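A short reminder: the numbers here are calculations on the coordinates, not readings from a lab. Nothing here was measured: the structure is a model prediction, and the numbers come from that model. Cβ coordinates were reconstructed from backbone atoms using ideal geometry, including for glycine residues, and neighbour counts include every protein chain displayed.
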Amino acid sequence: MQKIVLTVIYSFFVRWFLKLIIGVQFPKAKFLVKEKQFIIVANHNSHLDTMTLMASLPSKILHKVKPVAAADHFGKSGIQSKLSGFFINALLIPRKRDKENPENDPIHKMIKALDEGYSLILFPEGTRGEPEKEQPLKPGVALVLRERPHIKYVPAHMKGMGKAMPKGDNWILPHKSSLKYGEPTAITSAEVESILTQIEGDFRRLKEK
Amino acid sequence: MKDIIHFKFFENNDILIVVALIFGILIFASTLFFIVGKVKPNANVKELKDRTKSWWVMAVMFIGATIFSTKISYVAIAFLSFVAFRELYSMLGFRDSDRRAIFWAIFSIPIQYYLAYIGWYGAYIIFIPVVMFLLLPLRLVLKGDTIGITKSMASLHWTLMLTVFGISHMAYLLSLPTLEGFSSGGRGLLLFLVFLTEINDVMQFTWGKLLGRHKIIPKVSPNKTWEGFVGGLISTTIIGYFLGFLTPLTDYQVIFVSFMIAFSGFVGDIVMSSIKRDVGVKDTGETIPGHGGILDRIDSLAYSAPAFFHIVYYLAY
């Protein structure tokens, strides 16, 4: 049921709304079907980011990909977290680590979802921040990749989305924007710092492309 | 249903001839580049092939939208305006505090096209140049962010003039009253305008590639040459003369108006080039393969449409 709903919403309505009205240029990410599991790592400027990434996924794998979202924002109440879970397929995580209690630990939750066979969409910048400004990456993504090094990450870079729907303004304005994917890549080191540097390098290359 | 789709197309031989001509040219171009590609595998025809393919899509869309039903044409041209507006304003880099005014500007697109649709000429012709000209600064002022406000006021209204007011003249052609003894009507005029403007672009490009030596304005557009410009002017005027049956004009008037389409189209082209230079992009987008963005294709139309419209309006209506 959820699979059909997600396909109708993202592969049809959201997809054409973004393409025709907002003016987002994005490819259909067919190459992801070949990857068994992956983590899409993207920059974050707008609520439209998740929508665009989901709309670019082939409908065959759409229901197997969970965008990771902050529980305090998308799961304020029980109903809201149910709705986010159903319509965005979101994996809600707390912002702070909780090593005492693995059930409530964001890193543990992400690894658990991977072990269940899901792929993830992660925004390592954390919050959306100022429109079109980059922020330092948070270590969470590196901690997850380090634990499951056989899973590749897929860098994705979006431009202009922060102008279409920035933080602090709920009005969507058509604005030309784009999403570009990089190659699925495996991490080359177990160091958190160097994993983050590797991802930042991917972002920079995609930005200039 | 009959109201929405009536196949006037089959009842009007003049338009049918030109549609056949357009497809004839496209078939010729596709065959030519296919053969050149086979015979000389080293020749770089990929760009030309991409361009021709895109021309096919654009021609089919344009002919589909204008020939079958005028109602669809208004919506299609309005959407074209919207996409062009979006491309241009996104390039110009507005402030975050301009968002509400930009929203107003976008909202004026359906109003402008509705005025064209109901044929209320007086309101249509002042709506953007007067009403929006006065209202947009008000919305910007209400927001209260004065740093850089002059630039926002100027570029927002200018964008609206170029992409909405200019392009909407294409739609108003369809609302012109019927003239006795002139059967092609607004569709004929629209077809004449778009065909000549685009053929002028192609002719300038072709003559420039064949003979181009002397650059006109190397600082703005290094590919524009005197040979291309003059070659385009002459060929477009000649082609326009032979297509004069699509207009209610006399022979001399058709020659003049074709010349003006070629000239204003060129001006529109270099104006857009200069903006691209200013903001530092090569093409305005990747919407149409081989051509760049929508703007790269309709920059000439934004200039030739009002020029053509007002000359014809003065001479024949």
Computed on Cα atoms, Rg of region B:72-175 relative to 2.2 N^0.38 Å comes out at 1.05
Take the alpha carbon atoms of region B:1-158, find their radius of gyration, then divide it by 2.2 N^0.38 Å using N residues; give the quotient.
1.44
Mind listing the long-range amide H neighbours of A:V65? Cut-off is under 5 Å, sequence gap 5 or more, other chains count too, H placed in the peptide plane at 1.01 Å from N.
A:S119
Run the simple label-point estimate for A:N101 and A:E116 please: 7 Å along Cα→C-beta, distance reported in nm.
1.9 nm
If R₀ is 56 angstrom, what is the calculated FRET efficiency for the pair B:W158 and A:A70, using the beta carbon separation as r and rounding to 0.05?
0.85
Could you tell me the calculated FRET efficiency between B:V267 and B:F28, based on Cβ-Cβ distance and R0 = 25 angstrom, to the nearest 0.05?
0.30
Among beta bridges assigned by DSSP with both residues in chain A, the antiparallel ones amount in percent, to the nearest 5, to 25 percent
Amide H partners (placed H, <5 Å) of A:L91, local residues excluded
A:V68, A:A69
Relative contact order, percent, chain A [alpha-carbon distance under 8 Å, six or more residues apart]:
26 percent
Could you calculate the contour length gain from A:A186 to A:W171, that is, 0.36 nm times the residue separation minus the distance between their Cα atoms, to one decimal place in nm?
1.6 nm
In Å, the C-alpha Rg and Dmax of chain B are 20.1, 65
Round to the nearest 0.05 the FRET efficiency obtained for B:V39 and B:V202 when R0 = 22 Å and r is the Cβ-Cβ distance.
0.45
Interatomic Cα distance distribution for region A:75-171, bins of 5 angstrom, percent:
2, 10, 18, 21, 22, 16, 9, 2, 0
Could you list the square roots of 5 times each eigenvalue of the Cα gyration tensor of the protein assembly as shown, that is, the equivalent ellipsoid semi-axes, sorted largest first and rounded to whole Å?
49, 26, 22
Quick one: work out the % antiparallel among DSSP beta bridges in the protein assembly as shown, nearest 5.
30 percent
Normalising by the residue count of chain B, find the relative contact order in percent from Cα pairs under 8 Å and 6+ residues apart.
18 percent
Where in chain B are the DSSP H helices whose alpha-carbon span along the long axis reaches 20 Å or more and whose Kyte-Doolittle mean is at least -0.5?
B:13-39, B:46-67, B:70-92, B:99-118, B:185-211, B:226-242, B:251-279, B:294-316
When chain B is modelled as a GNM with alpha-carbon springs shorter than 10 Å, which of B:I147, B:I275, B:I63 fluctuates the most?
B:I147
